[in-house]
Each structure stands twice: as C-alpha cells, then as structure tokens.
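The values are calculated or read from the model by the stated rules, or taken from the named source; none is laboratory data. Treat the numbers as computed from the prediction; the structure is a model and nothing was measured. Every residue, glycine among them, receives a Cβ derived from its backbone with ideal geometry; neighbour counts consider all protein chains shown.
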Amino acid sequence: MAAPMQRWVGRGRHWTFARVDGGSCHRREAPTGSTSNRIRGRSSVAQQPLYTTQKPRKGEHKWAAVVGLEIHAQISSNSKLFSGSQVRFSAPPNSLVSFFDASLPGTLPVLNRRCVEAAVMTGLALNCHINKKSLFDRKHYFYADLPAGYQITQQRLPIAVNGSLTYGVCAGKKQSQVIPKTVRIKQIQLEQDSGKSLHDDLRSQTLIDLNRAGVGLLEVVLEPDLSCGEEAATAVRELQLILQALGTSQANMAEGQLRVDANISVHHPGEPLGVRTEVKNLNSIRFLAKAIDYEIQRQINELENGGEILNETRSFHYQLGCTMSMRDKEGKQDYRFMPEPNLPPLVLYDATSLPAGADPQQVINIDQIRETLPELPSVTRERLVQQYGMLLEHSFTLLNEVGLLEFFQNVIKETRAEPKKVTSWVLNTFLGYLKQQNLAVSESPVTPSALAELLDLLDSRTISSAAAKQVFEELWKREGKTPGQIVSEKQLELMEDRGALEQLCHSMMEAHPQVVMDLKKGNPRVINKLIGLVRKATQNRADPAMIKEILEKKLSS
Amino acid sequence: MWSRLVWLGLRAPLGGRQGFTSKADPQGSGRITAQVIEHLERLALVDFGSCEAVARLEKAIAFADQLRAVDTDGVEPMESVLEDRCLYLRSDNVVEGNCADELLQNSHRVVEEYFVAPPGNISLPKLDEQEPFPHS
C-alpha cells in the first residue's frame, strides 16, 4: 500500500456510542428475530442488515455490503521497534531519528522487548492464538518517507492469529438496546511505521520528517464480517477502549496513533462478492462511519446505473463528505515479500516450554503475560452492572465518554446516595450539560465532590429534586460556591414545617374553588394544578409528594 | 510458456515449494519477455539498458536453476540461515537519536531540518509513453 499522506486536521471529539447521523443499517431495518433486552455473553451472528435503494424499481434486489478493516495502532513504548530512538508525538523534525531509522548502511534492527509484550497482550485480549514462533519479512515499495525502501513486517507468520472482537451495537426504537456482535480477527502483526511527508505543492516538493519512521505498530486485520459504517465505528471504538485499557496503545485517532483503512464491496445476497475498493485517510471514528456508508451507497448507485466498480484506492474528503479516487496508474503493487535476513524467528514460551535457567530478560512467557492482563472493558461493564445495578446500555455510555467512568466512581466514593441515583444524575443531568456545551469531562465546572455533596443534600431530604436541579445549574456557572452555600443563599431548603404547609394548601384550595369542585366531581388529574400552585407559592421549597398527600387528605375530609 | 515459468519462479515466496515438479530444465536458460523486464525495472528501479544485461539476467537465472537438481520432496524448507539463532530482545530504553544535524548532512536538499524530496513518486515512463507524471 502506498504510504499514507496525511495532514492531521484538528482534534476530533471522541465519538460517543450509538449516535451516527444518517445511513445506519440498524435503523433502516431492525434485525429480524430481534433479541431481547440486555443480552449478555451470547453473541448473536445477526442477520446481515440490508440496504434498499433510493428509488425502488420493479424487480429490485436488496444489496448487502461487506466491510473489512485494517487497523494500525501505534505501540505505546519509550523507544522504537527496532532502534533505541525515542517515540514521541511532537518534537523538532528528525530529532528522534537514529542511524538505523535513517537506513544508513551498516545498521541492523534490534527488536524491542516491550513491543513484543504489547503484541502478546493485545493478542490475548482479543482471544487470538499466539504463535510461539513468528517471522519477520520485508515489504518493498518506494516512497520518500520509507528510507530503506522496505518495511519490516510479519507477512508469512504473524505473532497472533484467529481472534475475535465483540462489540455492542445500539438498536431498538430508542437506540437503547445493546446487541452484541462479533467480528473475527484474522491476525495481529508487528511492523514498522513510516516517516511523515508534508506536501509543499507550491514549491513542488515534499518535506520528510523521519521521527515517526520505525515506531512500532500493531496491525490488526479484521475479517470482512462488518456490513456498515455504524458496525465498523463501534468495533473500532471497542478496540480503542481495549488498547487503552491494556496500555498497549493510546489509540488516539486525532494524533495518528490509530489509523484505519476500510475495504468495501457490495453484492446481492447469495451472489459472489463484488469488487472492493480501499478507503484511506479516515482520521476520526465519525468520519470512518460516514466514509464507509458513503462508499457503500456510491457503489450501489454505480452498479444500479449499469456502471462498474474499479479495484482502486479512494480517499475520504471530510469537507465534502465523499470518497474520491486516488488515481493509481501504477497498477497493482508488487511488494516482493522476502524474509528479513537480519532477524531470526521470534520464539515465545509458556509455562511448560520455558527453558530452565534462561535469562528472564531474553524470554517472553505468554502465560505470565496472560496473568497480568488488566481488566478489559467488557468485564468492567459487567462489573458495573452487577455492582451498581445499572443497565448494560449505561455501562457502555460510562466507558465511551472519556473520563466519565472515573468521574462516576469518584462521586460514588464520596456520596451516601444510592448508586442508581448517582448513575441517573451522571448520565442524564451531568452528561446532558456537557453535551449541550460540547465539553469534555475534564473541562467540567462541576467536580465529583460537588456533585457528591449535592446528592447528599438530596438524599437527606434537605432539598427537593427540583431544587437540586436548580443548584446544579448554579454550580455549572463556575462561581466557586459549594452546593451547601447555594442552598442557603437561595433558601432552597425543604420546608420542614408541616403546619405552615397545611395552611398554604388550605388557602390555595379556598382561592380556587372551581378546581376543588372539578376534583370532587371526579377529575383526579386536576390536582396537579393545585400542587403546582402550592409549589410556586413555596418557591419550590416543598416536597411535591407531601403537598399531594396533604391536599388529598383535605379533599377527602 | 517458459518465460512464464521463469516469472512464476521469481514470484514464489522463498522457503515455499515451487509448485511445479520439473527438476533441472535440460534446455538451459529461457528467454525473458520485454514485459517481464519492464515489470522488474519498475519494481526494483534497476535499468536493464541493453540486450547484454538481459542476457546476463537469463544466465543468472539458469545458474540458480541448478538448485532444482536437488530432490527436496518431504524436506521442510529453512526460513533463513539464522533460524537456529536466538533473537535478542532489547529493553525499552531511549539510547539513540538527537543527531538531526549529522543526518541532514547526507541530504542534497534540506529545508528547516526536513529532508526535501520530489513530490510523490515519479513513475517510470512506459515504453510507449515519454512523459513522467507524479504519482498521487
């Protein structure tokens, strides 16, 4: 594949779970035999979602799309895969480059232990078979940011094969059901990253920065089990969460630590697969979904109009929301794979095969790595559901929003309120405010302690829930006041004096005899009007439930 | 047909069995078509400028073909001559880099600590075309 030419555009927001604009294959037609709420553990190989064309014609066929992803994740390590130069996102050009990275003659690759461990951890987390022996190869192509003229990769025998990635897709009427789906993983391999090209079209030249050349990458190849943009985006998001939980990659798409290429084709179900195109330059999860859906529709339209699909590489242009051909007049690339002559096979051990008296620095024990795997997102979600009694969908939201889980757990730690109350306030009120103002959790004006204090006030019935919402709004203004201060300043405490409340109810009933009559006639709903009036009179300081109770008592007497 | 076999021979991955059962060809070296030459030139950026170069290539292939005289049925191919060695694992410490000035001295053109390269790949002209155009 020709080296990607990418300019990093802006810092995309993390795409939150479940909302994709337009073309969602799961909204158009819900999978038949729809599974019930909250499926756990059972992954369903759901019926392949189908697309209908825009203008139905007679004899119209349904189309099915096939999407395969190649994901490159930059390994989180101090130094590069085969050399001791530093891995860092921004640094002066060519300052993190060793003689080997610049491919000067006489240099040799030396494998970084941390990168191998990262690959094994990732393979284990994705249920792969770890190959105890894997091999390195050279993949040859010419490009200015690949100084050696070849990339060291693992084409013949990669380090991990045959795994699976389970992700949850939102479906159902309110997008609130979570359906687990699985995509098979063909293989995971270690390979080198290339340098960066900056194109200066004005002066007809390209500027090359080799800081990134030689950084370790994990290439995760997914089988073409995906069928639309939403599935692809959700699967990639789940992979991101897994890599971040493992610590093997920071997987930040905006910083280029996670890159995705998509192979897309369409066909009629039952017929052979169609010609596929490759789509590149996808640097956020949202664009990934958009690009895939656009390309699927483009191919359908092309074929419906009697055209044909070329096996080509296309680039996604996010401003225009479309894919365009990167005209490749060279024809199909021949990479002339050959074994890397400077590296022996990579041999991994497990508890049974570990050679006695071996230098621990020089051997990698798969079983030991398996034991030290951290908690994976799916397990975390299960734990949240069990521990706090929340819905599975809620656990997805908590994990999908950066920093939200930590925020939630800090509130839980400091408050006496019930976990369900905390869940509701964090996912509805708190998250709602964040989304409205497009803020990240880290930018929130409300701290976990503040929310915890507020929930304590609510829990102890010091204030009503309506008052609590008011306090929250005040807290959001970032004036530095605590909930307690706001409550006393605005006099939002619940009225303790039942007698005074009864008086108020009485006078309200006297002031609105018509309403009382309606009630007595048998229209029970009208009581809400009275409750509202009393509430207003108390400036929201009375518990509506208590008001209702008093009124009903008075009416029945 | 023979040149096609030669082509297949070039393309087969090392370490894998060739797939055809013929042992050493009694005819000696075969002819390589112009198409193959052009493809090789494009891939490896070598210049087979003359008939003599092509003839030398054919002789080299014939020389290597002598390997086929050996019966390798049922024998596991080697991966490389290093396959019995231990692959050394380096610990993840930063010990190199910070030599931009030295590296940039190797470059013909430099702009503010960047290497300068022509835009994209300049593809070789086809036999029938004369003008090179930049690769996207």
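Scanning region B:35-62 for residues that are surrounded by 16 or more Cβ atoms within 10 Å (Cβ to Cβ) and touching a residue at least 60 places away in the same chain (Cβ under 8 Å) yields a single hit, B:ARG42. Within region A:448-466, is there a residue that is among the acidic types (Asp, Glu), within 46 Å of the chain's Cα centre (by Cα) and either more than 24 Å from A:GLY432 (Cβ to Cβ) or not assigned by the TED database to the domain that holds A:GLY403 (or both)? There is no residue in region A:448-466 that is among the acidic types (Asp, Glu), within 46 Å of the chain's Cα centre (by Cα) and either more than 24 Å from A:GLY432 (Cβ to Cβ) or not assigned by the TED database to the domain that holds A:GLY403 (or both). Can you work out which of the residues in region B:63-90 that are in contact (Cβ under 8 Å) with a residue 40 or more places away in the chain and acidic (Asp, Glu) is nearest to A:PRO109 (Cα to Cα)? Checking each candidate, the answer is B:GLU79. If you go through region A:146-191 and keep only what is over 30 Å from A:MET390 (Cβ atoms) and in a loop (DSSP other than H, G, I, E, B), you end up with A:LEU146, A:PRO147, A:ALA148, A:GLY149, A:GLN154, A:GLN155, A:ARG156, A:LEU157, A:PRO158, A:ILE159.
Within region A:364-386, one or more residues are assigned to a loop (DSSP other than H, G, I, E, B), within 14 Å of chain B (Cβ to nearest Cβ) and at pLDDT 90 or above.
For region A:338-356, the tally of residues that are more than 14 Å from chain B (Cβ to nearest Cβ) and surrounded by fewer than 12 Cβ atoms within 10 Å (Cβ to Cβ) stands at 3. Restricting attention to region A:192-207, the residues that are surrounded by 20 or more Cβ atoms within 10 Å (Cβ to Cβ) and either at pLDDT 95 or above or not in a strand (DSSP E or B) (or both) total 4.
Of all residues in region A:92-108, those satisfying the criterion of being under 11 Å from A:LEU210 (Cα atoms) and among the hydroxyl-bearing types (Ser, Thr, Tyr) are A:SER95, A:SER98, A:SER103. Reported count of residues in region A:191-206, each being at the interface with another protein chain (Cβ under 9 Å from one of its Cβ atoms) and either of a type in the set (S, T, N, Q) or closer than 22 Å to A:GLN74 by Cα (or both), is 6. Of all residues in region A:249-272, those satisfying the criterion of being outside any strand (DSSP E or B) and in contact (Cβ under 8 Å) with a residue 40 or more places away in the chain are A:SER249, A:GLN250, A:ALA251, A:MET253, A:ALA254, A:GLU255, A:GLY256, A:GLN257, A:HIS268, A:PRO269. Of the residues contained in region A:480-502, none is found to be within 30 Å of the chain's Cα centre (by Cα), farther than 25 Å from A:LEU551 by Cβ and surrounded by 12 or more Cβ atoms within 10 Å (Cβ to Cβ). Exactly one residue among A:ASN523, A:ASN438 is polar (S, T, N, Q) and under 30 Å from A:SER556 (Cβ atoms), and that residue is A:ASN523.
When A:LEU555 is tested against (1) crowded, with 16+ Cβ neighbours inside 10 Å; (2) aliphatic (A, V, I, L, M); (3) touching a residue at least 24 places away in the same chain (Cβ under 8 Å), only condition (1) is not met. The condition of being surrounded by fewer than 19 Cβ atoms within 10 Å (Cβ to Cβ), aliphatic (A, V, I, L, M), under 21 Å from A:VAL260 (Cβ atoms) and touching a Lys or Arg at 6+ places or on another chain (Cβ under 6 Å) holds for only one of A:VAL169, A:VAL221, that being A:VAL221. Of all residues in region A:93-141, those that are within 12 Å of chain B (Cβ to nearest Cβ), buried (at least 20 other Cβ atoms within 10 Å of the Cβ) and among the hydroxyl-bearing types (Ser, Thr, Tyr) total 2. Among the residues of region A:521-539, those that are within 24 Å of A:GLU489 (Cα to Cα) and either crowded, with 18+ Cβ neighbours inside 10 Å or modelled with pLDDT of 75 or more (or both) comprise A:GLY532, A:LEU533, A:VAL534, A:ARG535, A:LYS536, A:ALA537, A:THR538.
Report the residue count in region A:81-132 for those that are at pLDDT 95 or above and under 29 Å from A:LEU222 (Cβ atoms). So the answer is 26.
Taking the criterion of being assigned to a strand (DSSP E or B) and touching a helix residue (DSSP H, G or I) at 6+ places or on another chain (Cβ under 8 Å), the residues of region A:208-246 that qualify are A:GLY216, A:LEU218, A:VAL220, A:LEU222, A:LEU226. Could you tell me whether A:SER265 is of a type in the set (S, T, N, Q), in contact with a Lys or Arg (Cβ under 9 Å, 6 or more places away or on another chain) and surrounded by fewer than 24 Cβ atoms within 10 Å (Cβ to Cβ)? Yes, satisfied.
All conditions in (1) without any contact (Cβ under 8 Å) to a residue 24 or more places away in the chain; (2) assigned to a loop (DSSP other than H, G, I, E, B) hold for A:MET495, with the sole exception of (1).
With respect to the conditions (1) modelled with pLDDT of 90 or more; (2) more than 22 Å from A:CYS170 (Cβ to Cβ), A:LEU427 lacks only one, and its number is (2).
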